[in-house]
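Student: Sharing a structure below in structure tokens format, with a few things to ask.
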Amino acid sequence: MNVLGIETATTVCAAAFVRGGRVVAESLLDAGRVHAEKLMEQIVAVLGPDGLESLGGVAVSIGPGSFTGLRIGLSVAKGIAFARDVPLVGVPTLEALALHAVEADRTGAGTRLLAALDARRDEVYCQLFDVTESGPVPLWDARDMTLGALMEELHGSGARVAGEAAAKVLSSPGAPASLRMVPEEALHCSGGSVALLGERLLLAGKADDPSALEPRYIKDFFLKSR
């Protein structure tokens, strides 16, 4: 199945094209909040000028993450899905991050992996995974937690840590010495992992309703009054 994957949940702006469980092309830019200006360039880079013609589905990183980034990615994904009349599926951001970290770091079975994104102040969006032979398996749902609450939840147990908040987690008071950051190449979000997970979901018949699909912010979105 030919699937386009879109990742805009963090500072990473990425797109990837997969076919039959293999990443055919991937383009990534990590240059701050440039998603609105650069996302279509990333998509054209992986699909080519005629790639939309053979597209079988669209997968988009659905959160948690940056409120603005998630809305941009979902808007573009919906536009392409509607225009090409192909199915759309939202992929949990932390699950895609965990898959990329495990594959890029070649993390072996029996290891635990913590996927963590910055939620501002002393909070992180996080999810703990058990790495198995078939990939990362969630041990809890994605959460918005303070660093203190996260350390209590870990109970001093070790884990590999991936995501833009990895350094924040490791430097927090009470962080167990058994926490270890994954290498740089495994640290950040990936359009390829979004596309791969999206292809699996679409093949399993788990497409979303484009008109009803919304970002999974986890924490409430609010506007500050002037």
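Student: Just need a number here: residues in the range 78-91 that are over 15 Å from G192 (Cα atoms) and surrounded by 18 or more Cβ atoms within 10 Å (Cβ to Cβ).
Tutor: Residues flagged as over 15 Å from G192 (Cα atoms) and surrounded by 18 or more Cβ atoms within 10 Å (Cβ to Cβ) within the range 78-91 amount to 5.
Student: Another one. Of the residues that sit in the range 193-225 and are hydroxyl-bearing (S, T, Y) and in contact with a Gly (Cβ under 8 Å, 6 or more places away or on another chain), which one is modelled with the lowest pLDDT?
Tutor: Ranking the qualifying residues of the range 193-225, first place goes to Y217.
Student: What's the number of the condition T132 fails, among (1) over 20 Å from C13 (Cβ atoms); (2) buried (at least 24 other Cβ atoms within 10 Å of the Cβ)?
Tutor: T132 satisfies every listed condition except (2).
Student: Just the residues that are surrounded by fewer than 24 Cβ atoms within 10 Å (Cβ to Cβ) and under 14 Å from the mean Cα position of the chain (by Cα), please, taken from the range 105-122.
Tutor: Passing the criteria: only D118.
Student: Ok, one more. Would a scan of the range 140-150 turn up a residue that is in contact with a helix residue (DSSP H, G or I) (Cβ under 6 Å, 6 or more places away or on another chain), closer than 21 Å to Y217 by Cβ and at pLDDT 95 or above?
Tutor: Scanning the range 140-150, I find at least one residue that is in contact with a helix residue (DSSP H, G or I) (Cβ under 6 Å, 6 or more places away or on another chain), closer than 21 Å to Y217 by Cβ and at pLDDT 95 or above, so the answer is yes.
Student: Please report, ordered by residue number, the helices (runs of 4 or more DSSP H) entirely within the range 70-170 with at least 1 residues that are farther than 29 Å from G205 by Cα and of a type in the set (V, I, T).
Tutor: Working: elements: 93-105, 147-154, 166-170.
So the answer is 166-170.
Okay, residues lined up against (1) under 22 Å from A116 (Cβ atoms); (2) polar (S, T, N, Q); (3) modelled with pLDDT under 95:
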| position | (1), (2), (3) |
| --- | --- |
| L4 | no, no, no |
| E7 | yes, no, no |
| V18 | no, no, no |
| E37 | no, no, yes |
| A45 | no, no, yes |
| P49 | no, no, yes |
| G56 | no, no, no |
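Student: While we're looking at this one, here's another question. Which members of the range 55-70 meet the condition of being farther than 13 Å from C13 by Cα and touching a residue at least 60 places away in the same chain (Cβ under 8 Å)?
Tutor: G56, G57, V58, A59, I62, G63, P64, F67, listed by residue number.
Student: Any residue in the range 85-105 that's modelled with pLDDT under 95: show its pairings with residues that are assigned to a helix (DSSP H, G or I) at Cβ separation under 6 Å, as long as the two are six or more apart or on different chains.
Tutor: Qualifying pairs under 6 Å: A104/E185; A104/A186; D105/A186.
Student: Pick out, from the range 1-61, the strands (runs of 3 or more DSSP E) lying fully within it that include 3 or more residues that are outside the structural domain of R120 (by TED's automatic domain parsing) and surrounded by fewer than 21 Cβ atoms within 10 Å (Cβ to Cβ).
Tutor: Output list reads 22-30.
Student: Take the range 46-67 and flag every residue that is farther than 21 Å from A96 by Cα and either among the small types (G, A, S) or in contact with a Ser or Thr (Cβ under 6 Å, 6 or more places away or on another chain) (or both).
Tutor: Matches in the range 46-67: G48, G51, S54.
Student: May I ask you to list the residues in the range 203-219 that are among the charged types (D, E, K, R) and either in a loop (DSSP other than H, G, I, E, B) or without any contact (Cβ under 8 Å) to a residue 60 or more places away in the chain (or both)?
Tutor: Hits for the range 203-219 are K206, D209, E214, R216, K219.
Student: Just checking, how many residues over the range 135-150 are farther than 24 Å from F67 by Cα and surrounded by 21 or more Cβ atoms within 10 Å (Cβ to Cβ)?
Tutor: 1
Student: Continuing with the same structure: Does any residue of the range 168-179 turn out to be surrounded by fewer than 19 Cβ atoms within 10 Å (Cβ to Cβ), within 16 Å of A101 (Cα to Cα) and outside the structural domain of A81 (by TED's automatic domain parsing)?
Tutor: no
The values are calculated or read from the model by the stated rules, or taken from the named source; none is laboratory data. Predicted model only: the values in this text are computed from it and were never measured. Don't worry about glycine lacking a Cβ; one is built from the backbone with ideal geometry, like all the others, and counts go over all protein chains shown.
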